[in-house]
1. So Leu77 passes all but one of these: (1) aliphatic (A, V, I, L, M); (2) more than 14 Å from Asp147 (Cα to Cα); (3) surrounded by 14 or more Cβ atoms within 10 Å (Cβ to Cβ). Which condition number does it fail?
2. Residues Glu40, Glu73, Glu44, Glu23: which one is out of contact with any helix residue (DSSP H, G or I) (no Cβ under 6 Å at 6 or more places or on another chain), under 28 Å from Ala132 (Cβ atoms) and among the acidic types (Asp, Glu)?
3. Tally time: how many residues in the stretch 213-237 are crowded, with 19+ Cβ neighbours inside 10 Å and under 15 Å from the mean Cα position of the chain (by Cα)?
4. Please work out which one of (1) buried (at least 24 other Cβ atoms within 10 Å of the Cβ); (2) assigned to a loop (DSSP other than H, G, I, E, B) is the condition Trp62 fails and give its number.
5. For the stretch 159-172, state whether one or more residues are touching a residue at least 60 places away in the same chain (Cβ under 8 Å), over 30 Å from Glu139 (Cα atoms), open to solvent by 10 Å² or more (accessible area, probe 1.4 Å) and touching a Leu at 6+ places or on another chain (Cβ under 9 Å).
6. When only residues in the stretch 93-119 that are outside any loop (DSSP other than H, G, I, E, B) and in contact with a Lys or Arg (Cβ under 7 Å, 6 or more places away or on another chain) count, which is surrounded by the most Cβ atoms within 10 Å (Cβ to Cβ)?
7. Which one of these does Ser123 not meet: (1) of a type in the set (S, T, N, Q); (2) in contact (Cβ under 8 Å) with a residue 40 or more places away in the chain; (3) open to solvent by 20 Å² or more (accessible area, probe 1.4 Å); (4) outside any loop (DSSP other than H, G, I, E, B)?
8. Of a type in the set (D, E, K, R), part of a loop (DSSP other than H, G, I, E, B) and surrounded by 16 or more Cβ atoms within 10 Å (Cβ to Cβ): is that true of Asp86 in this structure?
Amino acid sequence: MKIATYNVNGINSRLPVLLRWLEECAPDVVCLQELKAPQEKFPELAIRAAGYDVNWHGQKSWNGVAILSRVGEIQELRRALPGDADDVNSRYIETVVGGVLIGCLYLPNGNPAPGPKFDYKLSWFKRLQAHAKELLAQELPVVLTGDFNVMPTEKDVYKPERWVDDALFRPETRAAFQELMMQGWTDAVRHLHPDETIYTFWDYFRNAFGRNAGLRIDHFLLSPQLVPRLQKAAVDTYVRGWEKSSDHAPVWIELQ
């Protein structure tokens, strides 16, 4: 099973790029973030015409997550991260596909930090930690994937000294990510490529993609049951160079 995650940065404006990538790379399951489309504006027909079943949770203007599958029915388990009934942002959707529980997430950016947006980010992280712990306790094959908006280490950011005060790299953010990992999750990309320079995001400004001045903020976390099945992990970096592409590139793993 080939599972991918891709922050599309507006699904309707990036639809030609997404459909081209789906046709060329044929992932079995795809987790999308930052749809930037309300529920009724999601391009369901185009996605289904490309051969994918789809489950999505839209939101006007911002956020939004979706899961696509071409290898079986999508069984939705939840479409919100538990822990705050007042949080109406579309940032999490959880399904079962092909016997694997998949949580697709779009963690808050948190800038400017410090401030209310950063507080929301850390609060969301706490809720994710609590839910992730419950998922691990079920001893099921679980994938948590998406845009985590965190660079875990200095290896995951171009010129880390420039990011010390950014919400994606502040000590509190990295500590929250490490607390999550210490529950027993495995960073799939780093598990297979421990020493490589790997980025998943390049800003539109200052020729960041051309200079490879990027960040690794899109991650795959695997429960212990899936680690022995992990065969490959990679970033389709070239997609970032396509015309009118997202500022993220697709990331994918292959499981036996």
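1. Checking Leu77 against (1) aliphatic (A, V, I, L, M); (2) more than 14 Å from Asp147 (Cα to Cα); (3) surrounded by 14 or more Cβ atoms within 10 Å (Cβ to Cβ), the one that fails is (3).
2. Glu73
3. Matching residues across the stretch 213-237 total 10.
4. With (1) buried (at least 24 other Cβ atoms within 10 Å of the Cβ); (2) assigned to a loop (DSSP other than H, G, I, E, B) applied to Trp62, the lone miss is (1).
5. no
6. By that ranking, first place goes to Ile93.
7. Looking at each condition in turn, Ser123 falls short on (2).
8. Working: of a type in the set (D, E, K, R): yes; part of a loop (DSSP other than H, G, I, E, B): yes; surrounded by 16 or more Cβ atoms within 10 Å (Cβ to Cβ): no.
So Asp86 does not fit the description; no.
The values are calculated or read from the model by the stated rules, or taken from the named source; none is laboratory data. In this text the structure is predicted, and so the values were computed from the model without any measurement. A quick note on method: Cβ atoms are made from the backbone with ideal geometry, for glycine too, and the neighbour counts reach across all protein chains shown. With ligands, DNA and RNA removed, areas are computed over all heavy atoms of the protein, side chains included. Shrake-Rupley method; radii C 1.70, N 1.55, O 1.52, S 1.80 Å.
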